[in-house]
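Heads up: the structure comes next, in structure tokens.
The values are calculated or read from the model by the stated rules, or taken from the named source; none is laboratory data. None of these values were measured; they are calculated from a predicted model. Cβ placement follows ideal geometry from the backbone for every residue including glycine, while neighbour counts extend to all protein chains displayed. To get the accessible areas, we keep the full protein, side chains included, count just its heavy atoms, and leave off ligands, DNA and RNA. Shrake-Rupley method; radii C 1.70, N 1.55, O 1.52, S 1.80 Å.
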Amino acid sequence: MSDLIGATGGGGRLLAIEGPPGIGKTALLAEAKSLGQQAGLQVLAARGSELERSFSYGVVRQLFEPLLATLPAEERAELLAGAAALAAPLFEPAALAADPGGDSSLATLHGLYWLTANLAARRPLLLVLDDLHWSDLPSLRWLAYLLPRMEGLPVLLLGGLRPEEPGEDATLLAQIVSDPLAAAIRLAPLSVEAATLLLHDRLSAEAEESFCGACHADTAGNPLLLRELVHAIADEGLAPVEASVPRLRELAARAGSRAVSLRLSRLPPAATALA
Ligand SMILES: Nc1ncnc2c1ncn2[C@@H]1O[C@H](COP(=O)(O)OP(=O)(O)OP(=O)(O)O)[C@@H](O)[C@H]1O
Ligand SMILES: [Mg+2]
């Protein structure tokens, strides 16, 4: 990740970080944001939301609005000068009230491309877009429009997504991720060694190997499930020893259902059953 961030000046790239709920996409993106800040990049972030996916340009607005709103008027005008002015209405409260649906015309997409280019000309840019599967459609169109035009721009786009989650336009998202400037990585579950380290750290340095192995197996190495299981073990006061393993199964099932039901309830039943 730090190599990728270090290479941002060399031209535009998109890296999609893929994986199921709780595997660590957001955690990795948070790490990337702080690496980006340390490397002196301008870091902007947004995330798709299931509740806002019908809100046109919701993700794009989240991404740019906080910066535009805090810049001195002169700098804001510079960023929205020239062709970028085509996108300026998106960031005007009056225009938003008049046209809450927004539009995804070529003019707006082109304006947004220029806003991105103008920003990148000031400082190399790291754009972090989490939960892309819940992005509104016009924001996805902006990404698709930007990609073929960003070869020479110092812009690194990082996206987090659950590929299995049905989005506004799964085909468009798949096209974005398979662009020549894009690459995708799929996060793997924690290894048994990593899970053991985590349990030694969070639970007890004395946790027995067989107990740790069972925790890993019962959560399939999913960091979110493992974290919930650690809480359940602590609440229950369960000793981290081999004799506790049968009880662990019940705890894992219950712990899984608490936080995870929140995150998985929107997935189709087959995916929930797998979890
Ligand atoms: N490598 C890791 N080691 C330890 N804990 C981790 C690791 N990766 C993630 N976690 C923890 O696991 C939990 C779930 O991670 P995260 O929220 O990043 O998942 P996600 O892939 O973004 O899931 P979702 O698709 O639901 O958004 C968080 O509490 C996070 O801190
Ligand atoms: Mg996440």
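Residues LEU153, LEU181, LEU173: which one is under 18 Å from the mean Cα position of the chain (by Cα) and either at negative phi or outside the structural domain of PHE64 (by TED's automatic domain parsing) (or both)?
Only one candidate qualifies: LEU173.
Looking only at the range 62-80, decide whether some residue is of a type in the set (A, V, I, L, M, F, W, C) and within 16 Å of ligand 1 (Cβ to nearest atom).
No: zero hits.
So THR196 clears everything in (1) touching an Asp or Glu at 6+ places or on another chain (Cβ under 8 Å); (2) part of a loop (DSSP other than H, G, I, E, B); (3) away from ligand 2 (no atom under 16 Å from the Cβ) except one condition, right? Which one?
Only one criterion is unmet by THR196, namely (2).
Condition test on LEU137, is it crowded, with 23+ Cβ neighbours inside 10 Å and not hydroxyl-bearing (Ser, Thr, Tyr)?
no
Within the range 171-193, track down each residue that is outside any loop (DSSP other than H, G, I, E, B) and hydroxyl-bearing (Ser, Thr, Tyr).
The one that is outside any loop (DSSP other than H, G, I, E, B) and hydroxyl-bearing (Ser, Thr, Tyr): THR171.
As an exercise: evaluate TYR113 against (1) in a helix (DSSP H, G or I); (2) touching a Lys or Arg at 6+ places or on another chain (Cβ under 9 Å); (3) exposed (fewer than 14 other Cβ atoms within 10 Å of the Cβ) and give the number of the one condition it does not meet.
The single condition TYR113 does not satisfy is (3).
Do you know which of the residues in the range 234-249 that are outside any helix (DSSP H, G or I) and free of Cβ contacts under 8 Å to residues at least 12 places away in the same chain is farthest from THR196 (Cα to Cα)?
GLY237
Determine whether LEU198 is out of contact with any strand residue (DSSP E or B) (no Cβ under 6 Å at 6 or more places or on another chain), under 20 Å from LYS25 (Cβ atoms) and modelled with pLDDT of 95 or more.
yes
Yes or no: the range 223-233 includes at least one residue that is surrounded by 14 or more Cβ atoms within 10 Å (Cβ to Cβ), free of Cβ contacts under 8 Å to residues at least 60 places away in the same chain, in a loop (DSSP other than H, G, I, E, B) and within 25 Å of the chain's Cα centre (by Cα).
No, because not a single residue in the range 223-233 is surrounded by 14 or more Cβ atoms within 10 Å (Cβ to Cβ), free of Cβ contacts under 8 Å to residues at least 60 places away in the same chain, in a loop (DSSP other than H, G, I, E, B) and within 25 Å of the chain's Cα centre (by Cα).
Give the residues of the range 185-206 that are buried (at least 20 other Cβ atoms within 10 Å of the Cβ) and touching a residue at least 40 places away in the same chain (Cβ under 8 Å), sorted by residue number.
The answer is PRO189, LEU199.
Tell me, which residue of the range 116-135 that is of a type in the set (S, T, N, Q) and assigned to a helix (DSSP H, G or I) is farthest from ligand 1 (Cβ to nearest atom)?
ASN118
Could you tell me whether GLU209 is surrounded by fewer than 15 Cβ atoms within 10 Å (Cβ to Cβ), closer than 26 Å to GLN37 by Cβ and not small (Gly, Ala, Ser)?
no
Among (1) open to solvent by 40 Å² or more (accessible area, probe 1.4 Å); (2) part of a helix (DSSP H, G or I), which single condition is GLU151 missing?
Only one criterion is unmet by GLU151, namely (2).
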